[in-house]
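Asks: Sharing a structure with you now.
The values are calculated or read from the model by the stated rules, or taken from the named source; none is laboratory data. Not measured: the values here are computed from a predicted model. Every residue, glycine as well, gets a Cβ built from its backbone with ideal geometry; the counts of neighbours run over all protein chains shown.
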Amino acid sequence: MVAVTVAQLPLVVGQREHNLSLAAEAVLAAPRGIVVLPELLNSGYCFRDREESLSLAEPLDGPSVRALTELAARSGSTLVASLAILPAEAPARGEGGVPAPTSAPRRQLLNVAVVIEADGIIGSYTKVHLWGREPEHFLEGTEPPAMVASQFGRLALMVCYDLEFPEFTRLAALAGADLVVAPVNWPLEPRPEGSRAREQIVVEAAARQNRVAFAVCDRTGAERLDEEVGSDWVGGSLIVGQDGFALTPTAYGRPALLSAEVELEASRDKALGPFNDVIKDRRPEVYGF
């Protein structure tokens with residue numbers, strides 16, 4: 001059994017040191033194991049424009065990764081987060097740290113999920129499926145979920161909207177994932193009174209369909225609600241077992257540190273009772289794609 005934790009934090013756009021401080025407090029309070037942090041931990045999410053998002057991004061070897069590496073060394077845990085990353089080939093920054101609009105490609109930032117242990121990054125992945133206005137800031141990735149051999153087990157790495165595509169979560173299962181880890185920012189949308197967030201239902205279904213555990217970390221704390229770009233968040237972080245049932249309670253709309261003991265190796269058993277297997281029973285020749 002491995003302790004898995006999702007740290008639902010009230011991030012603030014443009015306040016990297018504040019966000020990293022919240023992450024440090026959460027990681028050091030969590031049991032040693034796998035700790036998943038929210039999407040765009042370093043920057044926040046609701047950018048006013050490209051100039052702002054450019055100013056908040058950093059290189060992959062920048063201060064956020066260095067801080068998380070130190071935190072992993074202190075805690076002994078494996079950390080997962082998503083960061084706004086400025087690729088190495090991006091134009092040099094001009095006055096004020098922002099490239100002139102005429103010199104920069106329209107979409108040059110990357111939303112990169114990283115797995116970090118005491119010696120640094122052991123795996124990374126660029127978000128493939130972009131949501132809403134994200135294409136105004138980010139270039140989409142082109143690779144399947146990264147498979148990362150962590151100290152605790154085989155992690156499949158993806159980000160937020162990637163979870164909505166059954167083909168993508170199936171790729172993780174076929175690649176042999178013990179645990180799918182996903183930093184997310186789920187925008188709060190209306191739902192019938194008493195209903196659970198549909199994003200959570202999607203994750204639980206994917207766990208059941210693929211017989212693989214999931215650890216999904218959402219955020220909380222509304223950003224810029226008085227502006228067009230603003231959003232509130234579901235606060236729907238959860239850990240799900242291979243049977244599709246949540247192992248953690250809901251914590252809608254508030255900070256939370258949710259932990260569960262997960263038998264990661266159980267994800268390697270795809271049997272549904274004595275007669276069926278979610279991988280062996282597939283009929284790809286019938287599906288036509």
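Asks: Which pairs turn up if I take residues in segment 229-241 that are within 24 Å of VAL262 (Cα to Cα) and look for partners that are in a loop (DSSP other than H, G, I, E, B) and β-branched (Val, Ile, Thr) with beta carbon separation below 6 Å, at least 6 apart in sequence or on another chain?
Replies: Going by the 6 Å Cβ cut-off, the qualifying pairs are LEU238/THR248; ILE239/THR248.
Asks: Let me ask something else about it. Could you identify the single residue in GLU199, GLU261, GLU265, GLU227 that is modelled with pLDDT under 95 and either touching a Lys or Arg at 6+ places or on another chain (Cβ under 9 Å) or closer than 29 Å to ALA3 by Cβ (or both)?
Replies: Values: GLU199 fails: modelled with pLDDT under 95; GLU261 fails: modelled with pLDDT under 95; GLU265 fails: modelled with pLDDT under 95.
Step by step, each of GLU199, GLU261, GLU265, GLU227 is checked, and only GLU227 is modelled with pLDDT under 95 and either touching a Lys or Arg at 6+ places or on another chain (Cβ under 9 Å) or closer than 29 Å to ALA3 by Cβ (or both).
Asks: Collect the residues in segment 249-289 that are out of contact with any helix residue (DSSP H, G or I) (no Cβ under 9 Å at 6 or more places or on another chain), of a type in the set (S, T, N, Q) and touching a residue at least 40 places away in the same chain (Cβ under 8 Å), keeping them in residue-number order.
Replies: SER259
Asks: Further question on the same structure: Looking at (1) polar (S, T, N, Q); (2) within 20 Å of PRO31 (Cα to Cα); (3) surrounded by fewer than 22 Cβ atoms within 10 Å (Cβ to Cβ), which is the one condition that is false for SER237?
Replies: Evaluating SER237 over (1) polar (S, T, N, Q); (2) within 20 Å of PRO31 (Cα to Cα); (3) surrounded by fewer than 22 Cβ atoms within 10 Å (Cβ to Cβ) leaves (3) as the failure.
Asks: Which number in (1) buried (at least 18 other Cβ atoms within 10 Å of the Cβ); (2) more than 18 Å from the chain's Cα centre (by Cα); (3) not in a loop (DSSP other than H, G, I, E, B) marks the one condition that VAL35 misses?
Replies: (2)
Asks: Also, quick follow-up: For residues that are outside any helix (DSSP H, G or I) and surrounded by fewer than 24 Cβ atoms within 10 Å (Cβ to Cβ), tally how many sit in segment 61-78. Quick ask: steps written out before the conclusion?
Replies: We begin by selecting, within segment 61-78, every residue outside any helix (DSSP H, G or I); these are 61-62, 76-78.
Okay, now just the ones that are also surrounded by fewer than 24 Cβ atoms within 10 Å (Cβ to Cβ), so 61-62, 76.
Result for segment 61-78: 3.
Asks: Kindly indicate whether any position in segment 231-254 is touching a strand residue (DSSP E or B) at 6+ places or on another chain (Cβ under 8 Å), within 17 Å of LEU163 (Cβ to Cβ), in a helix (DSSP H, G or I) and modelled with pLDDT of 95 or more.
Replies: No, segment 231-254 contains no residue that is touching a strand residue (DSSP E or B) at 6+ places or on another chain (Cβ under 8 Å), within 17 Å of LEU163 (Cβ to Cβ), in a helix (DSSP H, G or I) and modelled with pLDDT of 95 or more.
Asks: If you go through segment 174-189 one residue at a time, do you hit one that is out of contact with any Pro (no Cβ under 7 Å at 6 or more places or on another chain) and part of a helix (DSSP H, G or I)?
Replies: Yes; the residues of segment 174-189 include at least one that is out of contact with any Pro (no Cβ under 7 Å at 6 or more places or on another chain) and part of a helix (DSSP H, G or I).
Asks: Which members of segment 240-278 meet the condition of being closer than 26 Å to ALA24 by Cα and basic (Lys, Arg)?
Replies: Correct list: ARG254 only.
Asks: Another question, then. Check segment 177-184 and report whether any residue there is of a type in the set (Gly, Ala, Ser), more than 23 Å from THR78 (Cβ to Cβ) and touching an Asp or Glu at 6+ places or on another chain (Cβ under 9 Å).
Replies: Of the residues in segment 177-184, the ones of a type in the set (Gly, Ala, Ser) are 177, 182.
From the residues that got through so far, the ones that are more than 23 Å from THR78 (Cβ to Cβ) too are none.
No, every residue in segment 177-184 fails to be of a type in the set (Gly, Ala, Ser), more than 23 Å from THR78 (Cβ to Cβ) and touching an Asp or Glu at 6+ places or on another chain (Cβ under 9 Å).
Asks: Quickly run through segment 41-55 and pick out the residues that are crowded, with 21+ Cβ neighbours inside 10 Å and either in contact with a Leu (Cβ under 7 Å, 6 or more places away or on another chain) or assigned to a helix (DSSP H, G or I) (or both).
Replies: Hits for segment 41-55 are LEU41, ASN42, SER43, GLY44, SER53, LEU54.
Asks: Any chance segment 174-184 includes a residue that's touching a Gly at 6+ places or on another chain (Cβ under 8 Å) and over 17 Å from LYS127 (Cβ atoms)?
Replies: Scanning segment 174-184 turns up at least one residue that is touching a Gly at 6+ places or on another chain (Cβ under 8 Å) and over 17 Å from LYS127 (Cβ atoms).
Asks: Working only within segment 145-160, note down all residues that are of a type in the set (Gly, Ala, Ser), surrounded by fewer than 24 Cβ atoms within 10 Å (Cβ to Cβ) and in a strand (DSSP E or B).
Replies: Answer for segment 145-160, where residues must be of a type in the set (Gly, Ala, Ser), surrounded by fewer than 24 Cβ atoms within 10 Å (Cβ to Cβ) and in a strand (DSSP E or B): ALA146, ALA149.
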